[in-house]
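See below for the structure under consideration.
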Amino acid sequence: MAHDVQNYNLDQKFEFTAALKKPIMTVLVIGAVLLGIGIVMAMMGGGHEEAGEAGGHAFHWYERLYANLWINNVYFAGIAIIGVFFFAIQYAAQAGWSAPIVRVMLSLGNWLPYAAVLMIVTFFVANHDLFHWTHAYLFDKNSPEYDKIIDGKGAFFYWPMEKGTFPIFYIARMVLFFGFWVFFFNKLKSLSFAEDNLNGGHSWFKIRSWSAYFIIFFAVSSSIAAWDWVMSIDTHWFSTLFGWYVFSSWFVAGLSAITLITIFLKGLGYLEMVNENHVHDLGKFVFGFTIFWTYLWFSQFLLIYYANIPEESVYFLERLESDVYGPFIFVNILVNFVLPFLVLMTRDSKRHGVFLKLVCSLIIAGHWVDFFLMVQPGTLGHNGGIGFMEIGMFLLYGSAVTLVVLGGLAKGNLIPKNHPMLEESYHHHI
């Protein structure tokens, strides 16, 4: 390896000290307190919690808790898998610029085992309160509540079992996806850390091969996961763009998380090789895929608006015409497109941490709102909204994910010191 690179400490490890953990734990406690306040208010019937009709049955306070669990489970699981996906992209594309930060990307995957357990447990506890299609009477042709459309989709959830019994096909997909995501994460992590003890490019080529396998699996599994975990909430409705749409929302949030962690580490004196050119590239990714998300949002909305087919337009009508959700449609567009687009438009703004920290923090909160709009209207009807419960749950999950990710990052070298393109990254300039 070139002498210039050897001037840097390539054996540097991140020390996750008690002083660094303290503010994260403080946010976690604040989130738990706000969540507790929200639960008490919901039990007492405060705000939008008043009993009413939601999905044809009396509304109960715990349904809002379940909806929030599902929103955060899906959202943060997506951010975690995006970290692994972006890591794999670097190796599959033989990218050199990103060599010093690939382990920052991979570190997001440390949340995946926790996400898997939380998702599966939440589904078994709350499935009837989240997914209308789990009710057996919908598939009984002798029932007055028989639903021909949902019955036609029943095999997608229940095969090979009888419709309305146990959704084995749905559960199998969830277990399969998380199982393979965790497997690929652990495989790529072990190969990446093994590279530190090897010379030559053999380990790099193995990582590249496994990355290609993962990308193929991710391409299929991420779309089906979006159909299963989000789109099936509104069982009558579907969009052929939905898999791409959910991926784009995950991707922008994941890129923002990677950028924030990189800037955070730089601020602590780590990642010496990372300069303003690397930060600029991360800024360009965030900027570009913000526009990509907006393109998909607008494409989906415009096609449905223009066609004006009732079974398609109902999805947007129940959000736009709602006093509860209508304002958040505009918050979604403002925070996830207008502000990032205006702030990151210039070259300089993508090279300075202060702008990226602001935009990336807004994007992570903003795309949570995006998932809030995907999940709550179909599960809670007019009984939803953003209050203490939602803010508390978001802070609780966000701080827990941060603790797990940074804890995993501290378990090995920050920089893959035998990466064959480390010298190229050192000379990276744009």
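The values are calculated or read from the model by the stated rules, or taken from the named source; none is laboratory data. In this text, all values refer to a predicted model and were calculated from it rather than measured experimentally. Note that each Cβ is placed from the backbone with ideal geometry, even for glycine, and that neighbours are counted across all protein chains shown. These accessible areas exclude ligands, DNA and RNA; they are computed on the full protein's heavy atoms, side chains included. Shrake-Rupley method; radii C 1.70, N 1.55, O 1.52, S 1.80 Å.
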Subject >> Gain upon complete extension [His429, Thr165; 0.36 nm per residue less C-alpha separation] >> reply: 89.1 nm
**OP:** For segment 58-153, give the magnitude of the charge dipole about the Cα centre (Cβ charges: +1 Lys/Arg, -1 Asp/Glu; no others), in debye to the nearest 20.
**Re:** 360
**OP:** May I ask for the angle, rounded to the nearest 10°, between helix 168-194 and the longest principal axis of the chain, with both axes built from Cα atoms and the value confined to 0 to 90°?
**Re:** 10
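With a probe of 1.4 Å, find how much accessible area the chain has per residue, and write the answer as a whole number in Å².
The answer is 42 Å² per residue.
For the chain, what % of the accessible area comes from carbon and sulfur atoms, probe 1.4 Å?
Numbers: 12220 of 18240 Å².
Summing carbon and sulfur atoms, their accessible area is 67 percent of the total for the chain.
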Subject >> Inverse of mean 1/r across different Cα pairs in segment 370-411, Kirkwood, Å >> reply: 12.0
Original post:
Considering the values (i) 21.1; (ii) 20.1; (iii) 41.9, which represents mean projected area of the Cα convex hull in nm² as calculated for the structure under consideration?
Top reply: (i)
Subject >> Label point distance in nm, His202-Ala32, each placed 7 Å from Cα along Cα→Cβ >> reply: 4.8
Subject >> Paramagnetic reach from Lys187 (point 7 Å along Cα→Cβ, amide N under 19 Å) across segment 60-99 >> reply: 81-94
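Length gain on complete extension for the stretch Val117 to Asp11, per 0.36 nm per residue less the alpha carbon to alpha carbon distance?
34.8 nm
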Original post:
Using only helices, what value at 222 nm comes out for the chain when you add -39,500 (n - 2.57) per DSSP H run of length 4 or more and divide by the total residues, to the nearest 500 deg cm²/dmol?
Top reply: -23000 deg cm²/dmol
Original post:
Where a Cα-Cα gap under 25 Å defines reach, which lysines qualify for Lys21, not counting those fewer than 8 residues away within the same chain?
Top reply: Lys13, Lys189, Lys266, Lys357, Lys411
Original post:
Excluding Phe242 itself, what net charge comes from residues whose Cβ is under 15 Å from its Cβ, given Lys and Arg +1 and Asp and Glu -1?
Top reply: -3
Subject >> Along principal axes, Cα extents of segment 198-324, largest first, whole Å >> reply: 61, 32, 22
Original post:
When the Kirkwood radius is taken over all Cα pairs of segment 152-269, what Stokes-Einstein diffusion coefficient follows at 25 °C and 0.890 mPa s, in µm²/s?
Top reply: 143
**OP:** With r as the distance between the Cβ atoms of Asn275 and Ala212 and R0 = 35 Å, compute the FRET efficiency 1/(1 + (r/R0)^6) and round to 0.05.
**Re:** 0.75
Original post:
Going by alpha carbons, how many degrees (0 to 90, nearest 10) lie between the helix axis of 18-43 and the longest principal axis of the chain?
Top reply: 10
**OP:** Give the calculated FRET efficiency between Gln94 and Val314 to the nearest 0.05, with a Förster radius of 56 Å applied to their Cβ-Cβ distance.
**Re:** 0.75
Original post:
Under a point spin-label approximation (7 Å from Cα along Cα-to-Cβ), what is the Ala410-Met43 distance to one decimal in nm?
Top reply: 3.5
**OP:** Specify whether the C-alpha gyration tensor of segment 102-155 places it in the rounded, prolate or oblate class, a ≥ b ≥ c being the square roots of the eigenvalues: rounded for a/c under 1.5, otherwise prolate if a/b is larger than b/c and oblate if not.
**Re:** prolate
Original post:
So what's the net charge close to Phe289: Lys and Arg +1, Asp and Glu -1, counting the other residues with Cβ under 15 Å from its Cβ?
Top reply: 0
**OP:** Select from Gly267, Leu302, Ala253 the residue farthest towards the positive end of the dipole of segment 221-314; place +1 on Cβ of Lys and Arg, -1 on Cβ of Asp and Glu, and compute about the Cα centre.
**Re:** Gly267
Original post:
Arranged from highest to lowest average of other beta-carbon atoms within 10 Å per residue, in what order do the peptides 298-309, 403-414, 337-348 appear?
Top reply: 403-414, 337-348, 298-309
**OP:** Calculate how large, on average over all directions, the projected area of the Cα convex hull of segment 311-424 is; give the answer in nm² to one decimal.
**Re:** 11.2
**OP:** Give the cross-link partners of Lys153 among the lysines, using a straight C-alpha distance below 23 Å as the criterion and excluding same-chain residues fewer than 8 apart.
**Re:** Lys141, Lys163
Original post:
Within straight cross-link reach of Lys148, meaning Cα distance under 13 Å, which aspartates and glutamates are found once same-chain residues fewer than 8 apart are removed?
Top reply: Asp140
